[in-house]
Every structure is written in C-alpha cells, then in structure tokens.
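Take a look at the structure set out below.
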Amino acid sequence: QVQLVESGGGSVQAGGSLRLSCAASGYFYSSYCMGWFRQAPGQELEGVAGIDSDGSTSYADSVKGRFTISQDNAKNSLYLQMNSLKPEDTAMYYCAASRRPLLSCATAIGYNYWGQGTQVSVSS
C-alpha cells in the first residue's frame, strides 16, 4: 500500500516561512506527477504547485515567486518551500502523487494517492 506522509505545517505570522515535506512509502518508486494542493473553509480544492517526471514545475498564480516545489527522487520525497506567507495562504495542504500520466500536474483530477493533510495558518 502506497502512502504519503506529510510534515512541516504550523502557524506563522505574515511574512514568515514554512517548508512542507511529503514522503512516499510502500511500493512507490516513481510517479508521473506530484503536487501540492490546498483547501480553505468554504473554498474549492486548488492546485498550488506541481512537478512532473521530467522536473518541470507549475504554480498557481497566487504563489508564483513565493513558493518553490522540489523533489528528491532517491528519497521519494516532495517539498514545498513557502516564503513571504500571507493570511490568504491559510488552508489545509495536501500532498498528492500519480503513477499514471495526467493531462496536467497542476490539477487534482486524476491523482490517486493523497496525504492526510497538514494545516498551515498564517496570521496578520
């Protein structure tokens, strides 16, 4: 059974930074897509950042220049460095992975492995 384990969430003040980590365990050795998604109360699940098997990245317009997605293939780990955090970044953040090709790594549709979610709260 493949599972994704997240860590790094927490509460910070506006302008602060957090680094989220996601480790894949079980029989998981490769993926076509990995990504970070978030959902705030009353809002839809939205894509934050995605990375494909070639290392190509994509970001939501709202986080470009502030967030950086990266991966360590040897460790089957995914990271999200979040800088200059804003109150509107407050949400539950989820790590996701897909072992089959997706039209886009930046959208949640098609992802079949998900983490448990980690809360990020940014105060003004």
Over the chain, what is the relative contact order in whole percent, taking alpha-carbon pairs under 8 Å and six or more residues apart?
36
Which of 103, 45 is most accessible, then next, and so on - probe 1.4 Å
103, 45
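So, with +1 on the Cβ of K and R and -1 on the Cβ of D and E, and no other charges, what is the size of the charge dipole of the chain about its Cα centre, to the nearest 20 debye?
Here the chain has a charge dipole of around 160 debye.
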Take the range 48-124, compute every pairwise Cα distance, and split them into 5 Å bins from 0; I just need the percent in each bin.
3, 14, 25, 27, 19, 9, 3, 1, 0
Which percent of the accessible area of the range 14-99 is formed by carbon and sulfur heavy atoms (probe 1.4 angstrom)?
45
Hey, could you get me the Stokes-Einstein D for the range 1-106, Kirkwood radius over alpha-carbon pairs, 25 °C and 0.890 mPa s, rounded to whole µm² s⁻¹?
175
One finds the C-alpha centres of the range 58-92 and the range 29-43 to be spaced, in Å, by 10
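The values are calculated or read from the model by the stated rules, or taken from the named source; none is laboratory data. Predicted, not measured: the structure shown is a model, and the values here were computed from it. As a convention, Cβ positions derive from the backbone with ideal geometry for all residues, glycine included, and neighbour counts pool all protein chains shown. Protein only, heavy atoms only, side chains kept; ligands, DNA and RNA dropped before computing areas. Shrake-Rupley method; radii C 1.70, N 1.55, O 1.52, S 1.80 Å.
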